[in-house]
1. Counting Lys and Arg as +1 and Asp and Glu as -1, what is the net charge of the other residues whose Cβ lies under 12 Å from the Cβ of PRO29?
2. For the chain, what is the percent of antiparallel DSSP beta bridges, rounded to the nearest 5?
3. Over the chain, what is the mean sequence separation of C-alpha contacts under 8 Å (at least six apart), divided by residue count, expressed as relative contact order in percent?
4. For the range 35-80, what D do you get in µm² per second when you plug the Kirkwood radius from alpha-carbon pairs into Stokes-Einstein at 20 °C and 1.002 mPa s?
5. Which listed residue (MET18, ASN2, ALA44) has the Cα farthest towards the positive end of the charge dipole for the range 1-140, taking +1 on Lys and Arg C-beta and -1 on Asp and Glu C-beta about the Cα centre?
6. With point charges of +1 on the Cβ of Lys and Arg and -1 on the Cβ of Asp and Glu, referenced to the Cα centre of the range 36-154, which listed residue (ALA108, HIS130, ALA152) lies farthest in the positive direction of the dipole?
7. Within 10 Å, count the other beta carbons around each residue, average over each peptide in 69-76, 4-11, 180-187, and list them highest first.
8. Among ASP179, ASP299, ASP149, which one shows the biggest mean-square fluctuation in a GNM of the chain, springs joining Cα atoms closer than 10 Å?
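What follows is calculated from the coordinates using simple rules that are stated; it is not laboratory data. No experiment lies behind these values; they were computed from the predicted model shown. Here the Cβ positions follow ideal geometry from the backbone for every residue, glycine too, while neighbour counts run over all protein chains shown.
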Amino acid sequence: MNIQPYVRPRRLRQSQAMRRMVREVDLHPASLILPVFVREGLAADSVPIESMPGVNQYSLQALPAVVEQCVEAGLGGVMLFGVPEDRDATGTGAIDPDGILNRAIAVARATSRGGIVVQSDLCLDEFTNHGHCGVLSADGEAGGDIRVDNDATLELYGQMAVAQAIAGAEVLGLSGMMDGQVAAVRDALDDAGFTDVVILAYAAKYASAFYGPFRDAVESTLEGDRRTYQMDPPNGREAIREIALDIDEGADIVMVKPAGPYLDVVAAAAELSPVPVWAYQVSGEYAMVEAAAERGWIDRERAIWESLIGIRRAGADAVLTYWALEVAGWLNEGRDL
Ligand code: PBG
């Protein structure tokens, strides 16, 4: 009996050179963005974040060196997060030009000199004493569910956007999941003359357990959870609605977050979006690989590469990842993974 196959897909897998030649997607330093935590009042240059081995909080003085590294590696950019010393009910530190995030933006921008794109997180959660992404409603908690006042928060986001633009941010990452936030921020920016500042909308951001380590990183004071404003994990169709709304409101780039557990959403966004689609490989996705690798249970570098290439294959144009610098290093050395 002749059972010799006529069609042999394995032909294209026979050597690394052959495989490399037929790869459908790839990673590039320019499509990797590094999230960076800048801590106010830090005496040391950096402090390690326990739940994210290899990731640090940096002082303002240490930030230029990090930005230089990103420029040298050819990354797409940095996404800055501020960790303030003091927090209050309305997150005043977010709007204050001397607030840690606004100061970090100015420092990063002065260092980058156009080599990478300076981006900043636009959300109140690091600045409020209750840790929520906006101001709480008068009725605060109804039936155990946290109530964040959507429209009052939009007003503050507009002011925060202008403060960040004045500091020199080139891309604003709207991560608060308030309805109408893209339109509100666009209006505020345009009114202040910042028509060229780019809006990166966290369009489909889920209420995820995978943000756990990040909350250590920003010393989060969160009371309760974010389920009344971030999306419910089972919903994919709703993500399409959120993405379409943000594009309609003027988002220049839309993002899906987290990345790994939501690759179907990334793929759906890539299918429909006329603007670039990004994905955020979040702290928990990072921590899981690092923890397993530490125990010797996984090949760390291959797992990192595979997790990122999967996000690209799903259709993301760029990825925010805590491994951005390390992976860019591999790519720049021309290493085959
Ligand atoms: C909100 C924000 C969060 C993350 C990025 N922006 C936290 C949250 O929504 O609770 C999480 C990022 C990560 O886990 O790596 N400012």
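1. -4
2. Values: 6 of 42 bridges.
Antiparallel bridges: around 15 percent, rounded to the nearest 5.
3. Taking the mean separation of contacting Cα pairs over the length of the chain, I get 18 percent.
4. Here the translational diffusion coefficient equals 194 µm²/s.
5. It is ASN2, whose Cα lies furthest towards the positive end.
6. ALA108
7. Going by the mean number of other Cβ atoms within 10 Å, highest first, we get 180-187, 69-76, 4-11.
8. Largest GNM mean-square fluctuation: ASP299.
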